[in-house]
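Undergrad: Here it is, the structure, as structure tokens.
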Amino acid sequence: MSRFFVLLIAIFLLFLATSCNNSFVKKIIIAGEIIYVDRDGERCNKLPNWVKKLPIKSGKIYAIGFSMPDTNPNCSLEIAKRKAIIELSKTVETIIKIDSQKIDEFIRVNKNGKATNIENTVVLKHSIKVDVLKIVSGGVFEEIFYDNCNYSGRGEKSHFVLISLSK
């Protein structure tokens, strides 16, 4: 009787330990292979490295878009794509602003302080912001990650999108 009781406690503790990791992720063994599945029985998607750290490749700029889970996964994916474009545009706009500072200095030095300097600078900065979104629209969605098992810790069934733009 006591062996049965000890075995029952051991099974309960094992169940408790495995259920604390992710309450909806189940571990199953098929043909000797350990597989993790979500609450719907779908295999858990592996968390890609780019979710935690942007890739670095010469000649490319990267950004990530993230969206919380939605009742409609397609809506969640579209939101992640839009956010990726916004993040990429922030990066590109920063790069262009640095270049525009050089142009501002050039205008000040070469126009001898006339009113047209200020007007040219304002027009230039406005056109830079408009052009950034046009430039970013040429970005490429390289990867999409659907986090069905909350491996990222940001929510079950959330989306991540990796976008790149050639420099």
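The values are calculated or read from the model by the stated rules, or taken from the named source; none is laboratory data. Quick caveat: nothing in here was measured; it's all calculated off a predicted structure. Cβ coordinates were reconstructed from backbone atoms using ideal geometry, including for glycine residues, and neighbour counts include every protein chain displayed.
Undergrad: Answer yes if at least one residue in region 117-140 is modelled with pLDDT of 85 or more and either touching a Gly at 6+ places or on another chain (Cβ under 8 Å) or in the same structural domain as TYR36 (by TED's automatic domain parsing) (or both), and no otherwise.
TA: Quick first cut of region 117-140, residues modelled with pLDDT of 85 or more only: 140.
Subsequent filtering for residues that are either touching a Gly at 6+ places or on another chain (Cβ under 8 Å) or in the same structural domain as TYR36 (by TED's automatic domain parsing) (or both) retains none.
No; the residues of region 117-140 include none that is modelled with pLDDT of 85 or more and either touching a Gly at 6+ places or on another chain (Cβ under 8 Å) or in the same structural domain as TYR36 (by TED's automatic domain parsing) (or both).
Undergrad: Which residue is nearest to LEU88 (Cα to Cα), if the candidates are limited to region 30-42 and must be surrounded by 13 or more Cβ atoms within 10 Å (Cβ to Cβ) and of a type outside the set (A, V, I, L, M, F, W, C)? Steps first, answer last, please.
TA: Initially, region 30-42 is screened for residues surrounded by 13 or more Cβ atoms within 10 Å (Cβ to Cβ), giving 36-39.
Now restrict to residues that are of a type outside the set (A, V, I, L, M, F, W, C): 36, 38-39.
Values: TYR36: 33, ASP38: 32, ARG39: 34 Å.
By that ranking, first place goes to ASP38.
Undergrad: Then there is this: Only one of these is modelled with pLDDT of 60 or more, surrounded by 14 or more Cβ atoms within 10 Å (Cβ to Cβ) and in contact with a Pro (Cβ under 6 Å, 6 or more places away or on another chain): SER152, SER158, SER164. Name it. Outline the logic, then answer.
TA: On the way: SER152 fails: in contact with a Pro (Cβ under 6 Å, 6 or more places away or on another chain); SER164 fails: in contact with a Pro (Cβ under 6 Å, 6 or more places away or on another chain).
Result: SER158 is the single residue among SER152, SER158, SER164 that is modelled with pLDDT of 60 or more, surrounded by 14 or more Cβ atoms within 10 Å (Cβ to Cβ) and in contact with a Pro (Cβ under 6 Å, 6 or more places away or on another chain).
Undergrad: Let me ask you something else. Is one or more of the residues making up region 44-60 of a type in the set (A, V, I, L, M) and farther than 15 Å from CYS149 by Cβ?
TA: We begin by selecting, within region 44-60, every residue of a type in the set (A, V, I, L, M); these are 47, 51, 54, 56.
Remaining after also requiring farther than 15 Å from CYS149 by Cβ: 54, 56.
Yes, there is a match, as at least one residue in region 44-60 is of a type in the set (A, V, I, L, M) and farther than 15 Å from CYS149 by Cβ.
Undergrad: Does ALA17 satisfy the condition of being small (Gly, Ala, Ser) and either at pLDDT 65 or above or within 16 Å of the chain's Cα centre (by Cα) (or both)?
TA: Working: small (Gly, Ala, Ser): yes; either at pLDDT 65 or above or within 16 Å of the chain's Cα centre (by Cα) (or both): no.
No, not satisfied.
Undergrad: I need a count of the residues in region 56-75 that are surrounded by 14 or more Cβ atoms within 10 Å (Cβ to Cβ) and assigned to a loop (DSSP other than H, G, I, E, B).
TA: Total satisfying the criteria: 2.
Undergrad: Also: State all residues of region 80-95 that are closer than 19 Å to GLU143 by Cβ and either modelled with pLDDT under 80 or not in a helix (DSSP H, G or I) (or both); if no residue qualifies, say none.
TA: THR91
Undergrad: Name the residues in region 43-55 that are under 21 Å from VAL92 (Cβ atoms) and not in a loop (DSSP other than H, G, I, E, B), would you? First the steps, then the outcome.
TA: Taking region 43-55 first, the residues under 21 Å from VAL92 (Cβ atoms) are 50, 53-55.
Within region 43-55, just TRP50 meets the criteria.
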